[in-house]
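Undergrad: I have a structure I would like to understand better, so I am pasting it below and will then ask my questions one at a time.
The values are calculated or read from the model by the stated rules, or taken from the named source; none is laboratory data. Computed from a predicted model, the values in this text were never measured in an experiment. Glycine also receives a Cβ, built like all others from the backbone with ideal geometry; neighbour counts cover every protein chain displayed. For the accessible areas, the whole protein counts, side chains as well, though only heavy atoms, and no ligand, DNA or RNA atoms are used. Shrake-Rupley method; radii C 1.70, N 1.55, O 1.52, S 1.80 Å.
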Amino acid sequence: MASSDKCAAKFNPVSAPDYLPKKQLQSLQLSRLKMIVQRAYDYVALFRQRMDQRKVTPDDIQSLDDITKLPFTVKTDLRDTYPFGLFASPISDIVRLHASSGTTGKPIVVAYTQKDIDVWASVMVRTFAACGLGAGDIIQNSYGYGLFTGGLGAHYGAESLGATVIPTSGGNTDRQIMVMKDFGVTAICCTPSYFLHLIERASEMGVDLKALPLRVGVFGAEPWTDSMRIRIEKGANIKAFDIYGLSEIIGPGVASACCAQEGLHIFEDHFYPEIIDPETLEPLPDGTEGELVFTTLSKLAMPAIRYRTRDITEIITEPCSCGRTIRRIKRVGRRSDDMFIIRGVNVFPSQIEEALLAVEGTLPHYQIVLTRKGDLDQMEIQVEVTADVFSDKVRALEELQHKLGQSVEHTLGIRAKISLVQPHTIQRSEGKAKRVIDNRDMS
Amino acid sequence: MKINQLSVFLENKPGRLSEPCEILAANGINILTLSLADTEQFGILRLVVKEWEKAKRVLEEAGTVVNVTEVVALEVADRPGGLEDVLKVIESGDINVEYMYAFTTFSKNKRAILVFRFEDADRAVAYLRDHDVNVIDSVSLYQNLK
Amino acid sequence: MSDFVCENRILDKDETLDRAQLRALQLERLRQCVQRVADVPFYKEMFQRENITPEKIKTLDDLRRIPFTTKADLREYYPLGFLAVPRSEIARIHGSSGTTGKPTFVAYTAQDRATWANLCARFLVAGGLRSEHLVHIAFGYGLFTGGFGLHYGVEYVGASILPAASGNTPRQVMLLQDLAADVLICTPSYSLQIAEVARAQGVDPRTLPLKYAHFGGEPWTEDMRVQIERELDILAFNNYGLSEVIGPGVSGECAARQGMHIQEDHFIVECIDPETLEPVPEGEQGELVFTAITKQAMPIIRYRTRDIATITSQPCVCGRTTARMSRVIGRSDDMLIIRGVNVYPSQVEEALLRVDGTAPHYLIEVDRTGNLDDIKVHVEVHPESFSDKMAQMQALRERIAAEIRSVTGIGMKVELVAPRGLERSMGKAVRVIDHRREKGTI
């Protein structure tokens, strides 16, 4: 059984803002909101234009509720202003850039000043502290490093926490297990589905995870469920925590579960949350389900004003038993668009269309089938063979498969299995094919 | 001198091979020979039939992907070394073979027929004929097979 | 040639100590280092055996009383038998290469991490880095020290980082073009791959905004430098390091580009004959041996790198007083460096042992086609595992490739060979054919 003492850590002073009295928190939020709106208005042409159109000036922000006067920002705004259009700092003040895939074509680029990096590290320290981790822990970071914010975000947090960091990055499961065992790792960061895979592989290798010092898992970057959490906790005798973040806001470190494991605390002194109706765009009260919207209150290089995450959740009204005063959201499970997440990578069907189109010249009938094989997500793209691309030579078809696979990998950064299928085998419904079949068992 | 071969795309799943065969049977088309190239995920069925245009039409009507390729049929002596003699000529001509398969022996005069897919069929035919290899045209092939 | 001018800038005064001062600093640090390792089991045993005490180190020459440390020693004390600090003081752990077999791990305290960042910053600044530059890092991050070492070095200088990591070259080209990075950091061969992919995409690599690049992680040649500089219209700088010593940051080129300055205030270098183990005269080829005198978590004494190079202590025009090493021109063992990853033939053998149906006969063929290292393993199959089903043979090939990837961390092409299809030679089998050497690319 996962016991609560697995989540007992010394209070970390950096966590102090988690416990601010509501009034104090709100006044901090308001002063930061005024600053960030002014900054966005002064330095980002897109915000200024949109605010001018609405005849809103930074001075109109006199209370937190005034935030609803501000225009929304959406993912395509980042693409349309690519690469530097939403930057509010000159390149010389920027110390880091990250990129994630957009819906199509150009990636989305996000930027950080040194102060932003420091804030990011601090919210990750608060995340780790909420998960019961401290300076003595040995943290294995299996999130992928690179342009993806997950790896370096968790890395800098673990480093600021004063823990020992083992940057294993993603992949090479056998080595991950070897490291976990040989170094007495006490906490791991990765996607929950990858951890399920680690549990399975460890048992094949004869390694009993339950007997290892590992006691905490910090899991994020993809949706999961409470039943999955319980499976993980039982399978490895650890406490499994859900964390939430997105690179447009900062990366991981936007919200985190705590020992109570009932929802995720938003670090709302830096990220101001709203819930809106995705159809009418009207704000919804706490306790009502809707689309999550964030305004970054302190981000200098790239402020986000009312950024629509497309994630569906609700803000929990009751105070948390852990004592934190910052509000919580429920676990995110659904989206208000067709994006899906596989192995921690966000994928839009439109990106896959783009990749297939690049190879074949015309868009073939295709279908994306998601499965969870041995706890590891698999993406298969079934592509109907047409007379134009068919050949009597095995090599030519294998080459086609390979090219499609490469094109998808170049677009998404992850591998997909390409299956060539006979024409008309993919079901058409009302003319338009159902593009994504998600057969993953999330329990 | 070349023969039209049909190729049919198949997923490597049970039952997929019988589908085109049934369609051809239902339309009274006799398969003279076939070969199957398979990978883990898909296969390519290669067929030689007499009424290839009709076969192509009925297969396409049934929704399969069909491709027509020109292949070359060669007659060799059905004895040890018969194939080798032909291969030597092919090699000497620096002719690239994409794939090949053998016909069943059918005639009384101890000859076998091989089907070749060459990279450059025209050049191959010219060269082979110059070197006294018996290249069979479609008319005599179908007659022979009757 | 690029119109970028690399100014002669020196980050730390310790890079220009006069030789006598430097030697005094080295001696002081060496003595502290010997003191620090006195309780590390490996050294404790060694010191007892050889009757060495920290007090006996009175001059730098006394270092030679201490026996060498080898990679095998690190393996024997796996995972962290060389630790000289309590575990709680370890801030970071890295691994030597992507292996499941018996890799070697190295540890850093927070102070080591800061030292490392400073050392990388030194050669980056020597090679043109300024705080207003944007740096595209196309090294793999993770257990490999290359990515992190340079990342923290760039951060130390205050420049911007795009942590592109490795892979997905078309996207790397797009980002180099769109974000207009000034600096590229990767392996030299990968820069040529970037140039080639750019051309394939219709982008003239010379038009990329890149100004200069810092290369490491694999051996390369002066000819390759000329080619890279021409193809990308940049200045190319060389740097050197290995995880057992610290990672990148052991040495690097300055604006003069006449050898790599060894950061001697942190590392004592020796150059020995790998056979007799005696020092070679200055300027002659030999195996480099390093002593990391300031490392806290894992100091290492007289570590045999197996890298062959030459050393000169002639003064450099840049004003640094430190000794310089040539490029690495060879190895004194059978290690291969493939796309920046260290691979031993024995690892391939280990992977094959895990797959039923293969014979322990194999041949590794390394080549560089289109700027990318290409590695192919020819493997003999057992007669009984031969199948007429293409699908089954493909599956066998894929299993072998997966095992090799798991052990070595890199993908290799696998070619199945008929039983007894590989030539047997008298005595020792030829396991490796490296066409890169014949072509002079390494």
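Undergrad: Can you give me the distance in nm between label points at B:K54 and A:K393, each placed 7 Å from the Cα along the Cα-to-Cβ direction?
TA: Placing both labels 7 Å along Cα→Cβ, they lie 3.2 nm apart.
Undergrad: Evaluate peptide B:61-68: per residue, the Cβ atoms of other protein chains within 10 Å of its Cβ; return the mean as an integer.
TA: 4
Undergrad: On average over all directions, what projected area in square nanometres does chain A have, based on the convex hull of its Cα atoms?
TA: Over all viewing directions, chain A projects a mean Cα-hull area of 22.6 nm².
Undergrad: How high is the relative contact order of chain A, given as a whole-number percent (alpha carbon pairs under 8 Å, six or more residues apart)?
TA: Reported relative contact order: 15 percent.
Undergrad: Given a Förster distance of 56 Å, report the FRET efficiency between C:R257 and C:R420 from their Cβ-Cβ distance, rounded to the nearest 0.05.
TA: E(calc), rounded to 0.05, equals 0.65.
Undergrad: Please express the Cα-Cα pair-distance distribution P(r) of region A:340-438 as a list of whole percents, one per 5 Å bin, running from 0 to the bin with the greatest distance.
TA: 2, 13, 25, 26, 19, 11, 4, 1
Undergrad: Moving to a separate point now. Give the Cα extents of region C:336-439 along the principal axes, in whole Å, largest first.
TA: Here the Cα extents, ordered largest to smallest, are 38, 31, 23 Å.
Undergrad: State, in square angstrom and to the nearest 100, the accessible area buried between chains A and C, both chains counted, probe radius 1.4 Å.
TA: About 3600 Å² of accessible surface is lost on pairing.
Undergrad: Please give me the summed charge of the neighbours of C:V417: other residues whose Cβ is under 12 Å from its Cβ, Lys and Arg +1, Asp and Glu -1.
TA: -1
Undergrad: Place a point 7 Å from Cα of A:A358 in the direction of its Cβ. Which residues in region C:163-206 have their backbone N less than 17 Å from it?
TA: C:166-179, C:194-204
Undergrad: Within the P(r) computed for chain B, what percentage of the Cα pairs occupies the region above 18 Å? Walk me through the numbers on the way to the answer.
TA: Details: 6128 of 10585 pairs.
Of the Cα pairs, 58 percent sit more than 18 Å apart.
Undergrad: log10 I(q)/I(0), Debye, Cα-only region A:280-348, no solvent, q = 0.24 Å⁻¹?
TA: Once normalised to I(0) and log-transformed, intensities are -1.16.
Undergrad: For region A:117-166 and region A:37-83, write down the distance between their C-alpha centroids in whole Å.
TA: 31 Å
Undergrad: I've got another one for you. Taking region A:1-156 on its own, what percent of its Cα-Cα pair distances exceed 24 Å?
TA: Percent of Cα pairs beyond 24 Å in region A:1-156: 51.
Undergrad: Let me ask you something else. Tell me, what is the FRET efficiency for B:A126 and B:S18 to the nearest 0.05, using R0 = 30 angstrom and their Cβ-Cβ distance as r?
TA: 0.15
Undergrad: Compute the accessible area per residue over region C:32-80, keeping the other protein chains in place, probe 1.4 Å, unit Å².
TA: Per-residue value: 55 Å².
Undergrad: Using 0.36 nm times the number of residues separating C:E278 and C:E132, minus their current alpha carbon distance, what extension gain do you get?
TA: Numbers: separation 146, 0.36 × 146 = 52.56 nm, distance 4.67 nm.
Extending this stretch completely gives an extra 47.9 nm.
Undergrad: From the P(r) of the protein assembly as shown, can you give the percent of Cα pairs sitting at distances over 40 Å?
TA: Values: 271192 of 530965 pairs.
I get 51 percent for the Cα pairs in the protein assembly as shown exceeding 40 Å.
Undergrad: Next question, about the same structure. Taking the convex hull of the Cα atoms, report for region C:304-390 its projected area averaged over all directions, in nm².
TA: 9.3 nm²
Undergrad: How big is region A:13-55 on each of its three principal axes, counting only the C-alpha atoms and giving the largest first in Å?
TA: For region A:13-55, the Cα extents along the three principal axes come out at 41, 19, 10 Å.
Undergrad: Testing the spin-label approximation: label points 7 Å from Cα along Cα→Cβ at B:E84 and C:T59. State their distance in nm.
TA: 7.8 nm
Undergrad: Between 0 and 90 degrees, rounded to the nearest ten: what's the tilt of helix B:52-61 against the longest Cα principal axis of chain B?
TA: Compared with the principal axis, the helix lies near 30 degrees.
Undergrad: Quick one: grab the alpha carbon gyration tensor of chain C, order the square roots of its eigenvalues as a ≥ b ≥ c, and give me rounded if a/c is under 1.5, else prolate or oblate depending on whether a/b is larger than b/c.
TA: Since a/c reaches 1.5 but b/c is at least a/b, the shape of chain C is classed as oblate.
Undergrad: For peptide A:386-397, compute the average count of partner chain beta-carbon atoms within 10 Å of each residue's beta-carbon.
TA: So the per-residue partner count for this stretch is 6.
Undergrad: Hey, another quick one. Which percentage, to the nearest 5, of the DSSP beta bridges contained in the protein assembly as shown is antiparallel?
TA: DSSP beta bridges in the protein assembly as shown are roughly 70 percent antiparallel.
Undergrad: First compute the accessible area of the protein assembly as shown with a 1.4 Å probe, then give the percent of it belonging to carbon and sulfur atoms.
TA: In the protein assembly as shown, the share of accessible area belonging to carbon and sulfur is 49 percent.
Undergrad: What would the Debye formula give as log10 I(q)/I(0) at q = 0.10, 0.17, 0.19, 0.20 Å⁻¹ for the alpha-carbon point model of region A:217-363, no solvent?
TA: -0.40, -1.01, -1.19, -1.28
Undergrad: May I have the convex hull volume per residue, in Å³, for the Cα set of region C:1-66?
TA: Details: hull volume 10.5 nm³, N = 66.
So the per-residue hull volume is 159 Å³.
Undergrad: Restricted to Cα positions, what overall size does region C:171-319 have along the principal axes? Three whole-Å values, descending.
TA: Largest first, region C:171-319 extends 54, 33, 32 Å along its Cα principal axes.
Undergrad: Taking beta carbons within 10 Å but only from partner chains, what does the mean come to for residues A:178-187?
TA: Rounded to a whole number, the mean comes out at 3.
Undergrad: Mind listing the phi-derived Karplus ³J(HN,Hα) values for region C:415-420, rounded to whole Hz, using 6.51, -1.76 and 1.60 with θ = phi - 60°, and x for any glycine or proline?
TA: 10, 7, 10, 4, x, 6
Undergrad: Mean residue ellipticity at 222 nm from the helices of chain C, using -39,500 (n - 2.57) per DSSP H segment of n ≥ 4 over the full residue count, to the nearest 500 deg cm²/dmol?
TA: -9500 deg cm²/dmol
Undergrad: Moving on. Can you tell which of C:T369, C:T145, C:T115 shows the greatest fluctuation in a Gaussian network model of chain C with Cα springs below 10 Å?
TA: C:T369
Undergrad: With all protein chains present, calculate the accessible area of C:C254 using a 1.4 Å probe and round the result to the nearest 10 Å².
TA: Result for C:C254: roughly 0 Å² accessible.
Undergrad: Looking only at Cα atoms, what is the convex hull volume of region C:105-223 per residue, in Å³?
TA: It is 105 Å³ per residue.
Undergrad: Quickly work out the A:K403-to-A:A260 label distance, labels modelled 7 Å from Cα along the C-beta direction, and quote it in nm with one decimal.
TA: Distance between the two pseudo-spin positions: 5.7 nm.
Undergrad: A further question follows. Got a sec? Which residues in region C:99-143 would a label at C:D334 touch, if it sits 7 Å along Cα→Cβ and we count backbone N under 16 Å?
TA: Label zone hits: none.
Undergrad: Let me ask another. Hey, what did region B:24-123 get for relative contact order, percent, Cα under 8 Å, at least 6 apart?
TA: 23 percent
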